[in-house]
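The values are calculated or read from the model by the stated rules, or taken from the named source; none is laboratory data. Note that the coordinates shown come from a computational prediction; the quantities given were computed from them, not determined experimentally. In this analysis, Cβ positions are derived from the backbone assuming ideal geometry, glycine residues included, and neighbour counts consider all displayed protein chains.
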Amino acid sequence: MIDGTGEIALALCTSTYDYRFRDNRSIRHRTIEWDLVESVTTTVRMMELVIRSRRQLFKKSKRKNNGRSDLEDRFLGCYARLDYTEIQRHFPICKVNPLVWLFEQHAIKLVIRPLGELEAFDIDELNACVRSIRIAAKGKIFKKQLQDHYRSPKKNRLSLAAYVAKICVVYPSLSCLRIHLGYSELDRSGISSDDCKSHRKTFLVLLKKMFPSGLLAGHVWKVDFSLVASFHVHVLLLIDARLEHQMANIVRELERLWVVATGAKGAFFNCDRFAGDYPGVGRICGDPREKRALLQKAVTAMTMSACYMKMSAPNKDRTFGKGVWPKRAVLSSHANVSWTESPRIRNGRMRLRD
């Protein structure tokens, strides 16, 4: 299974939060897209179990819990909740896991009451549907489609694993910051893929200029699109932990840089405000293996969520990337990192004092 614990599925659902401004403060709220993505992740995890099992799924014998097993309930729940048309409407340039399409193609033929008691003919119809799903899933064509869908997320995860391992060796402690770079409600509808690409590149250039050499350990970015949020970018920043006491100032400056990069169209949100919803964020220190394990959770949540749904950008633009391989920090371990002037960051650059 691609997601045995369900953490990746939860991370994908969390990424659908919409961020808006009310009374000069940014807030996040859950939209219908959470429910749509949750139906996708639930269907994929259910289909993996159904395909791996060889037994007859639905039985006519009476048992507890209204005579249904957990997998039976999950199958019927997916049948009742999955709305493939609405998913395609909200995520028009995203490729959904082929298992969802396979389930939709076979389950659409069913005519049952998933929330009521099942009659004998309903059970026969459901078992026939399950058999047809298993036969189709074992076909060479479908297996290749599934492998092709998983290829890029797995490749990205392996690439980031090496990237993170190098960072953990170079830096004794890190602060992992996750930010959401989106657009204001008034400007979202007019943002194109090229606009988002240009804004992202400008922001990353400003980001590199902001930090003195060695203090920005690395970064990872991922572009997403949905009907509600339009184009937006998830960014994971790995910062030398000696700047942790200035994190509030850093976040304010990052917000300013995004506004500058987008021509005042950008909307910024610091996801660390809800650190519990984003694995691996916050201060990371200790044994390199422990640091690597924590960072792996953060990067896995960003990369492997594409196993459920992945964006297919127009013009085959990149939707995922990372910083250059890290170099050892130029400052000595006892360097005193602080702001020296007011404003604390002048012209988008951080100033240091030894």
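Quick notes on this structure:
- Of all residues in region 231-240, none satisfies being touching a residue at least 60 places away in the same chain (Cβ under 8 Å) and surrounded by fewer than 21 Cβ atoms within 10 Å (Cβ to Cβ).
- Condition met for I135 (surrounded by 13 or more Cβ atoms within 10 Å (Cβ to Cβ) and either outside any loop (DSSP other than H, G, I, E, B) or of a type outside the set (K, R) (or both)): no
- Scan region 257-277 for residues that are under 15 Å from L204 (Cβ atoms) and buried (at least 17 other Cβ atoms within 10 Å of the Cβ) and the total you get is 6.
- Of the residues making up region 107-123, none is of a type outside the set (V, I, T), buried (at least 17 other Cβ atoms within 10 Å of the Cβ) and assigned to a strand (DSSP E or B).
- Residue that is surrounded by the most Cβ atoms within 10 Å (Cβ to Cβ), among those in region 25-41 that are assigned to a helix (DSSP H, G or I) and β-branched (V, I, T): V37
- Among the residues listed as I123, I167, I133, the single one being touching a residue at least 40 places away in the same chain (Cβ under 8 Å) and out of contact with any helix residue (DSSP H, G or I) (no Cβ under 9 Å at 6 or more places or on another chain): I123
- Failed item, numbered, when L254 is tested on (1) assigned to a helix (DSSP H, G or I); (2) in contact (Cβ under 8 Å) with a residue 60 or more places away in the chain; (3) under 19 Å from I8 (Cα atoms): (3)
- Number of the exception - A298 against (1) within 17 Å of S175 (Cβ to Cβ); (2) hydrophobic (A, V, I, L, M, F, W, C); (3) at pLDDT below 75: (3)
- Counted residues, region 64-83 - those being of a type in the set (K, R), at pLDDT below 85 and surrounded by 14 or more Cβ atoms within 10 Å (Cβ to Cβ): 1
- Residues satisfying the stated conditions in region 181-217, i.e. free of Cβ contacts under 8 Å to residues at least 40 places away in the same chain, hydrophobic (A, V, I, L, M, F, W, C), surrounded by fewer than 21 Cβ atoms within 10 Å (Cβ to Cβ) and within 17 Å of E255 (Cα to Cα): L204, V205
- Of the residues making up region 314-343, those that are part of a loop (DSSP other than H, G, I, E, B) and at pLDDT 80 or above are D317, R318, T319, G323, V324.
- Candidates are the residues of region 162-218 that are of a type in the set (F, W, Y) and closer than 17 Å to G321 by Cα; the one that is modelled with the highest pLDDT is F203.
- For Q246, the conditions (1) assigned to a strand (DSSP E or B); (2) under 13 Å from S175 (Cα atoms) all hold with the exception of (1).
- Scope region 84-99; condition of a type in the set (S, T, Y) and surrounded by 19 or more Cβ atoms within 10 Å (Cβ to Cβ); matching residues: Y84
- In region 172-196, of all residues being in a helix (DSSP H, G or I) and touching a helix residue (DSSP H, G or I) at 6+ places or on another chain (Cβ under 9 Å), the one that is nearest to Y19 (Cα to Cα) corresponds to S193.
- Verdict on M309 being touching a strand residue (DSSP E or B) at 6+ places or on another chain (Cβ under 8 Å) and crowded, with 21+ Cβ neighbours inside 10 Å: yes
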